[in-house]
1. Out of the residues in the range 68-85 that are assigned to a helix (DSSP H, G or I) and β-branched (V, I, T), which is modelled with the highest pLDDT?
2. Please list, ordered by first then second residue, the pairs with beta carbon atoms under 8 Å, 6 or more apart or interchain, first in the range 86-108 and over 15 Å from A30 (Cβ atoms), second in a loop (DSSP other than H, G, I, E, B) and among the β-branched types (V, I, T).
3. Identify, please: which residue in the range 124-137 is part of a helix (DSSP H, G or I) and free of Cβ contacts under 8 Å to residues at least 24 places away in the same chain and is, among those, surrounded by the most Cβ atoms within 10 Å (Cβ to Cβ)?
4. Would you mind finding the one in A91, A58 that is crowded, with 17+ Cβ neighbours inside 10 Å, in a helix (DSSP H, G or I), touching a Cys at 6+ places or on another chain (Cβ under 7 Å) and modelled with pLDDT of 85 or more?
5. Of A58, A69, which residue is among the hydrophobic types (A, V, I, L, M, F, W, C) and over 14 Å from the mean Cα position of the chain (by Cα)?
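The values are calculated or read from the model by the stated rules, or taken from the named source; none is laboratory data. What you see is a predicted model, and the numbers here were worked out from it, not measured in a lab. A quick note on method: Cβ atoms are made from the backbone with ideal geometry, for glycine too, and the neighbour counts reach across all protein chains shown.
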Amino acid sequence: MNEVTNIDGKIIPVKQDVLTLANAISLSRALITIPILILHHASGKEANWLIVALIGYAFVSDYLDGYFARKFNQVTEFGKVVDPLADKICAIILFFYAVLIGIIPVFFLVIMILRDLLILTGSLMIKRKRGKYAMSVLSGKVAVNVLAVYWIVAFFFPEREQTVEFLMWLSLILMFYSLGSYVHRYIMIQKKGAEFN
């Protein structure tokens, strides 16, 4: 197939490797939530420099895994799954904790989980029919980053209520927008037979 018929814009070789630097970084992002929560609870729910460093790593690692995957030609089928899954695991655990300590509303977490379940279901259906997973859409990555900023501001600066509320509504808008992008991608792949990486 030529590049025009590929829904991703250009053809990227996708390998079947599992043990790559990019995949290790993605997996570490999913696991980083555990020490963040333990440290926050142990410190009497006060943020310290180690918590800030771990959250900073979680944020930066979302860029690093993709950068190393492209730089070292390590785009893998496993990576197409583990990268967004690490984002979702990290986000759901941190937002669940934020709900428990009363800084994020429950309805926001429910919407986030339902959206992620819809995207996951579509991804599994694509895999079943086409034999491979589709890559994440750009608007999904943007939504994840705004979600991260929302969580960070709500977590560290809960007294800035207007900023927190603005980021909450912006996150919701971007989550729904990116869900629309995933639905469009699903239709193009499943119903119209578009090629994808």
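1. V82
2. If the second residue must be in a loop (DSSP other than H, G, I, E, B) and among the β-branched types (V, I, T), the pairs left are A98/I104.
3. K127
4. Answer to the check: A58.
5. Criteria check complete, one pass: A69.
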